[in-house]
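See structure below.
Every number in this text was worked out from the coordinates using simple rules, so none of it is lab data. Remember, predicted model here, so these are calculated numbers, not experimental data. Cβ placement follows ideal geometry from the backbone for every residue including glycine, while neighbour counts extend to all protein chains displayed.
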Amino acid sequence: MRRWPRGALVGIAAATGLLVGLRAIAGLDGLHFVTFLEVQGFPLEGLGIEWSKRAIWPLDLQAHATVKLVATVASLFLAAVAVGTLNAVILLSEGAASRRSEFAVRSAVGGPPLALVRMLLLELRTLVLAGLALGVLAGVTGAVAVRSAWPGLLEPFTAISVIDVVVVISAMLTLVTLAHLATAWQVTRAGRAVRELKAGSRTGADPFAVFARKSLAATHVAIAGTCLVAITTLSGGLTVAEQGPDADQTVVLEARSPDPGGWGRALTSIRSMAGIEAESLSAPGALVGLGVRDIAIAECGRCIRGTLPAPLWNALADHHLVSAGFFELTHTDLVEGRVFSASDTADSEPVAIVNRRFASTAFENGEPLGKRVRIGADFGNWYTVVGVVEDRTFAVLGADGATREAVYLSADQHPPQSGELLLRGDEEAIAAAEAMLTARGFEPTEAVTLKQYRSDATVELRWARDLAFLLGLVTLALAAHGIYATALQTSRRRTFEVAVRRSVGSPSYRIVTYVLGERLRVTAWGVAGIAFFGTMVAAFLENAAGMKGAGPLSYLAIAGVLAVVAMLASIRATREALSVEPASLLH
């Protein structure tokens with residue numbers, strides 16, 4: 001098998017396998033998933049608050065975010081498919097274009113274009129069938145592995161269906177055949193073929209073909225760089241999310257109370273246990289910043305909206321249900337006022353704590369203490385603000401990257417039915433607390449550290465990070481392969497021009513600069529594409545999981561990596577250009 005068909009075989013096989021994998025990813029059920037919230041669900045029945053019709057529950061936030069995450073991974077798969085397909089198209093086109101003289105001779109002796117096209121199709125048959133067979137085999141294997149690693153629930157799945165395989169094969173077969181035939185038809189036209197024969201190998205380059213080759217190479221760089229941006233964004237966000245002081249000394253127990261007042265009595269017993277340093281009860285999701293997202297109306301004071309007075313200020317806030325020790329155990333600093341205490345019971349005045357952002361945006365002069373906030377749709381649900389705490393953000397499915405207004409309500413005033421109990425103390429005391437809960441019918445889950453809890457909350461994101469890393473390697477390898485092929489063919493097409501340069505005394509470094517300079521310019525075009533598409537991917541991840549986008553230094557590092565890859569992929573092209581002798585002008 002000649003060199004270029006062998007390279008096209010790699011491109012066809014890679015694109016086919018990635019298409020099969022893309023179909024498997026697109027089949028993941030984003031609305032039914034296993035997360036740290038699904039075990040008990042959010043305790044809607046125990047909050048005693050009538051929420052508005054605009055309220056969004058944490059499970060819904062995670063469901064929509066899961067769909068976005070799967071769509072992001074599918075987009076990375078599609079990017080890798082595009083690079084593999086471009087490789088196949090480039091190599092098949094180059095293979096057909098390199099046979100211009102042969103086609104010109106056949107046309108000159110009376111060979112009709114259709115006969116030449118039929119000849120090319122017969123040559124292409126073995127190549128395409130082999131590429132499709134290898135790609136489907138690799139794709140099905142990879143698809144099964146990817147779906148098996150998916151941490152969410154799956155629809156009944158046995159294997160990639162026959163229809164999926166047929167659709168993938170048909171798509172790839174049609175694409176590569178049309179690409180090959182388009183180039184073949186162009187170079188087998190009778191009039192052009194005769195001109196090619198007369199001109200020999202010194203025909204001027206087709207401007208459109210030159211632009212197409214450079215555009216395809218720049219597209220390789222842009223797609224590979226976008227995948228690297230996604231990897232950087234996912235890796236950086238998860239590193240921050242899994243850190244926290246004393247997170248491995250605090251344990252979390254998830255449980256459901258057998259009766260409405262069960263948590264209150266249980267907490268009273270736990271507080272009296274020797275060896276328990278601190279305890280807290282919170283609604284599921286509060287530990288990672290997920291709560292009921294609903295409108296909260298604040299008594300702003302003498303505030304102005306536009307030109308009109310606005311004594312009441314509304315904001316879309318996340319509402320969390322926590323007890324007294326929550327802020328201490330989660331290391332959330334108190335800015336002013338006080339935190340919840342044991343005296344904040346159902347019989348006392350309803351109180352709330354807001355975060356710094358809510359205090360600064362919804363209250364006059366950023367002074368909320370003593371003012372009230374209305375929660376939910378009931379006009380009687382007014383809570384007096386008694387404290388302000390620092391903002392908390394986490395990289396987790398359902399977060400949107402924005403520092404949102406947050407309202408904390410007392411779990412003693414609104415006892416939940418399902419909750420998460422945080423405990424800090426010695427192992428014997430924690431075991432005794434767990435046994436007490438079991439004896440009272442709570443059926444708690446196995447105790448995990450707060451660090452492990454937050455890690456479990458990012459299980460889908462870690463799945464996406466690992467898959468993005470593998471896809472990034474594949475895409476980078478395919479992009480290097482495409483740049484290598486393009487650079488080599490461009491160098492060979494310009495043998496005459498290089499020979500002229502050598503004949504007039506151009507030194508070797510100028511030849512190297514001439515060859516590599518074009519690769520760097522094309523890479524720069526691709527880097528410009530990264531600035532656009534990479535920013536879009538980072539914004540998508542930020543909207544789905546609160547991930548912060550890669551900074552300028554990350555973009556510079558990615559651009560540097562791609563430039564190095566482009567230079568390494570052009571080494572052979574540079575060596576062949578340096579080996580050109582002026583004597584080749586006589587041939």
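Quick notes on this one:
- Pairwise label distance in nanometres, L122 with S170, each label 7 Å out on the Cα-Cβ vector: 2.8 nm
- Other-chain or far-sequence residues with amide H under 5 Å of R338's (modelled H): G387, V388
- The modelled label-to-label distance for the pair A130/R521, using points 7 Å beyond Cα in the direction of Cβ, is 3.7 nm.
- Stretching E428 away from A71 to a fully extended chain increases their span by 123.9 nm, per 0.36 nm per residue minus the current alpha-carbon distance.
- In the range 305-416, the C-alpha radius of gyration followed by the widest Cα-Cα span (Dmax) gives 14.1, 44 angstrom.
- Protection proxy ranking, peptides 144-150, 222-228, average beta carbon neighbours within 10 Å, highest first: 222-228, 144-150
- Whole-Hz Karplus values for the range 361-367 come out as 9, 10, 10, 4, 6, x, 10 Hz, taken residue by residue from phi with 6.51 cos²θ - 1.76 cosθ + 1.60 and θ = phi - 60°; glycine and proline positions read x.
- Other-chain or far-sequence residues with amide H under 5 Å of V407's (modelled H): D318, H319, H320
- Centre-to-centre, using Cα atoms only, the range 300-376 and the range 485-551 are separated by 54 Å.
- Using alpha carbons only: equivalent-ellipsoid semi-axes of the range 447-575, gyration tensor based, whole Å: 43, 14, 11
- Pairwise FRET efficiency - A528 versus S343, Cβ, R0 = 60 Å, nearest 0.05: 0.45
- Among 550-562, 484-496, sorting by the average number of other beta carbon atoms lying within 10 angstrom of each residue, highest first, gives 484-496, 550-562.
- Residue-by-residue Karplus 3J(HN,Hα) for the range 502-517, coefficients 6.51, -1.76, 1.60, Hz, glycine and proline x: 5, 5, 8, x, 5, x, 4, 5, 6, 5, 4, 4, 5, 6, 6, x
- Extension gain (nm, one decimal) between S506 and I304, 0.36 nm per residue minus Cα-Cα: 65.4 nm
- Three-way shape call for the range 389-523 based on the alpha-carbon gyration tensor, with the a/c threshold at 1.5: prolate
- Each peptide in 415-421, 263-269 receives the mean, over its residues, of other Cβ atoms within 10 Å, and ordering these scores from highest gives 415-421, 263-269.
- In this structure the amide hydrogen of T449, modeled in the peptide plane, comes within under 5 Å of the amide hydrogens of V252, none closer than 5 places in sequence on its chain.
- K548 paired with T438, simple spin-label distance in nm, labels 7 Å along Cα-to-beta-carbon: 4.2 nm
- S360/F496 FRET efficiency (R0 60 Å; Cβ-Cβ; nearest 0.05): 0.30
- Every Cα-Cα pair of the range 216-343 was included, and the share exceeding 26 Å stands at 50 percent.
- Per-residue HN-Hα couplings for the range 432-444 [Karplus 6.51, -1.76, 1.60; θ = phi - 60°; Hz; x = Gly/Pro]: 5, 5, 5, 5, 5, 4, 5, 5, 8, x, 6, 6, x
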